[in-house]
Amino acid sequence: MRMPKHIGIIPDGNRRWAVQHGMGKEHGYAYGLNPGISVFKLCQELGVEELTFYGFTVDNTKRPTIQREKFTDACVEAVKMLSKENAELLVIGNSTSKMFPPELLEFTTRRTFGKGGMRVNFLVNYSWEWDLGLRDKTPNMAIRSQDISRVDLVIRWGGRNRLSGFLPIQSVYSDFYFIDELWPDYQPEHLYAALKWYQVQDITLGG
């Protein structure tokens with residue numbers, strides 16, 4: 001099997017899942033934690049070198065306060081869970097904003113946990129405009145996510161066929177695979193199906 005070196009994960013559909021199960025929208029985020037660890041462990045077993053999770057965006061912080069608090073709590077818990085695994089972990093996003101959880105400041109420089117191994121990136125309070133420095137008073141030629149490599153395959157759950165600002169530079173030559181099931185309903189078969197589809201893509205990187 002031709003394995004993508006770097007996989008991006010967009011875990012969408014938490015709020016819709018909560019509503020389908022008779023809960024308030026804010027309760028769906030916690031049900032996305034175990035799927036995230038499952039994806040991490042399966043990718044680790046398969047030999048994926050780098051994995052990037054889309055946590056929450058700057059635009060997401062415009063949601064009702066209770067939802068913002070809950071998805072922030074879920075991101076903090078997800079990073080803590082990953083820090084107990086063998087990984088080289090980095091949290092990246094606008095850490096100078098009050099919307100960035102202070103509990104994650106220590107992770108904004110890549111750190112090795114356990115025996116290290118797979119590089120895992122977690123986008124928190126992230127926006128493509130912030131990444132590219134488009135609103136900086138003093139422009140910087142380097143993107144802020146420069147420690148993250150080019151993404152080979154982006155997988156999005158939740159039935160939405162868009163990137164929502166996910167790493168625009170690194171995903172310039174990515175293949176995109178979209179899954180109708182909502183993120184809390186993740187099954188390993190979803191990842192295997194994406195990898196099977198990836199095998200037959202004509203990857204030329206423009207050549």
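The values are calculated or read from the model by the stated rules, or taken from the named source; none is laboratory data. Owing to the predicted nature of the structure, the values given are computational and were not obtained by experimental measurement. Counting neighbours? That spans all protein chains shown, and the Cβs are built from the backbone with ideal geometry, glycine included.
Pick from GLU88, GLU26, GLU69: which is of a type in the set (Asp, Glu), touching a residue at least 12 places away in the same chain (Cβ under 8 Å) and touching a Pro at 6+ places or on another chain (Cβ under 9 Å)?
Values: GLU88 fails: touching a Pro at 6+ places or on another chain (Cβ under 9 Å); GLU69 fails: touching a Pro at 6+ places or on another chain (Cβ under 9 Å).
Every option except GLU26 fails the conditions.
Any idea which residue in the stretch 1-45 is farthest from ILE203 (Cα to Cα), counting only those that are within 16 Å of the chain's Cα centre (by Cα) and aliphatic (A, V, I, L, M)?
Out of the qualifying residues, it is ALA30.
Considering only residues that are closer than 21 Å to ARG150 by Cα and free of Cβ contacts under 8 Å to residues at least 40 places away in the same chain, which ones fall in the stretch 108-127? I'd like the intermediate steps shown before the answer.
To start, the set of residues in the stretch 108-127 that are closer than 21 Å to ARG150 by Cα comprises 108-112, 116-127.
Matches in the stretch 108-127: THR108, THR109, ARG110, ARG111, THR112, GLY116.
List the number of the failed condition for LEU46; all other conditions in (1) over 15 Å from ASN125 (Cα atoms); (2) touching a helix residue (DSSP H, G or I) at 6+ places or on another chain (Cβ under 6 Å); (3) touching a residue at least 60 places away in the same chain (Cβ under 8 Å); (4) not aromatic (Phe, Trp, Tyr) hold.
The single condition LEU46 does not satisfy is (2).
Pick from the stretch 45-70 the residues that are in contact with a Gly (Cβ under 7 Å, 6 or more places away or on another chain) and polar (S, T, N, Q): which of them is surrounded by the most Cβ atoms within 10 Å (Cβ to Cβ)?
Looking at residues that are in contact with a Gly (Cβ under 7 Å, 6 or more places away or on another chain) and polar (S, T, N, Q), I get THR52.
Name the residue, out of GLU106, GLU85, that is at pLDDT 95 or above, assigned to a loop (DSSP other than H, G, I, E, B), out of contact with any helix residue (DSSP H, G or I) (no Cβ under 6 Å at 6 or more places or on another chain) and not hydroxyl-bearing (Ser, Thr, Tyr).
Going through GLU106, GLU85 in turn, the sole match is GLU85.
If I filter the stretch 2-11 for residues that are in a helix (DSSP H, G or I) and either closer than 23 Å to ASP152 by Cα or out of contact with any strand residue (DSSP E or B) (no Cβ under 7 Å at 6 or more places or on another chain) (or both), do I get at least one hit? It would help to see each step written out before you state the result.
Taking the stretch 2-11 first, the residues in a helix (DSSP H, G or I) are none.
No; the residues of the stretch 2-11 include none that is in a helix (DSSP H, G or I) and either closer than 23 Å to ASP152 by Cα or out of contact with any strand residue (DSSP E or B) (no Cβ under 7 Å at 6 or more places or on another chain) (or both).
Residue under question is SER97, and the condition is that it be under 22 Å from HIS6 (Cβ atoms), at pLDDT 95 or above and outside any strand (DSSP E or B); does it hold?
Working: under 22 Å from HIS6 (Cβ atoms): no; at pLDDT 95 or above: yes; outside any strand (DSSP E or B): yes.
So SER97 fails the test.
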